[in-house]
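Everything below concerns the one structure shown next.
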Amino acid sequence: MSIATRLVACALVALSLASTPSASLAEGSRFSAAAQLDMTNAYYFRGILQENDGFIAQPWGEVYANLYSSDTGLIRDVTVGVGVWLSIHSKETLAANGPHSIYEADYYPLVSMDLAGGFNLLTIYYFYDSPNGAWDEAVQELNFKLSYDDSESLGLSPWLNLAIETHSTSFGPKSGTGLQFGIAPTVFEADAFSVTATAEMGLSLGDYYEGIGKEQTFGYANFGAGVAIPLGDTFTLSGTFK
């Protein structure tokens with residue numbers, strides 16, 4: 001968030017233990033939840049290095065409420081939710097006060113809309129905060145992520161995300177707008193495990209990647225693979241290599 005180091009290629013190794021997304025809190029309930037714990041050796045935020053030393057844990061949790069469902073029409077499902085995401089560093093990255101190990105805490109409401117044709121529009125308003133004081137003011141950002149379920153054809157799982165900084169900035173002196181897009185096809189799937197390939201790129205549409213006195217359109221690109229191993233009906237163990 002606060003280290004403005006531009007990266008052309010990202011590298012990380014992560015392990016995660018996750019609950020099944022949108023697991024129902026009660027039979028027939030409109031309410032559901034998801035929780036996950038990621039462990040990584042390096043943290044990059046859209047190509048910007050945050051920390052690559054020590055132990056890094058990144059737990060998150062979300063609670064959802066389904067407002068609308070239909071088998072016909074343009075809008076097939078509307079779900080709202082709230083979430084929190086943490087980045088906890090053993091190296092106490094840029095800590096100015098306590099809690100020294102909690103480098104980042106993100107809070108966000110979200111609205112998910114399933115659309116006809118296999119499209120999903122996910123709208124999230126992020127508050128990027130630093131409990132340990134690595135940066136002084138919470139950055140606020142509005143995100144619109146459009147994804148497409150093409151599992152019945154090419155199976156590339158393409159997506160794109162428009163990120164609009166509305167208060168303060170993650171990179172440089174000005175609030176900006178960025179665009180990220182990528183694919184995540186499943187290249188192998190069995191009962192025991194599945195393998196997913198990933199490719200992603202991030203660009204600045206205006207003041208998102210700012211160098212010293214110069215705007216940079218290209219932000220980052222990365223390629224990788226993920227392995228997911230289901231542990232019963234509730235948990236999944238996954239590793240991501242980029």
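Summing Lys and Arg as +1 and Asp and Glu as -1 over all other residues whose Cβ lies under 13 Å from the Cβ of residue 84 gives a net charge of -4. Positive end of the dipole of segment 13-241 (Cβ unit charges, origin at the Cα centre): among 228, 164, 64, the Cα lying farthest that way belongs to 164.
Tell me the net charge near residue 54. Cut-off is 10 Å between Cβ atoms, residue 54 excluded, with +1 for each Lys or Arg and -1 for each Asp or Glu. It would help to have the intermediate numbers written out before the result.
Details: positive: 91; negative: 51, 53, 92.
Once positives and negatives cancel, what remains is -2.
No lab work stands behind these numbers, since they all come straight from the coordinates. Just so it is clear, the structure is predicted and the values come from calculations on it, not from any experiment. Heads up, the Cβs are rebuilt from the backbone with ideal geometry, glycines too, and the neighbour counts pull from every protein chain shown.
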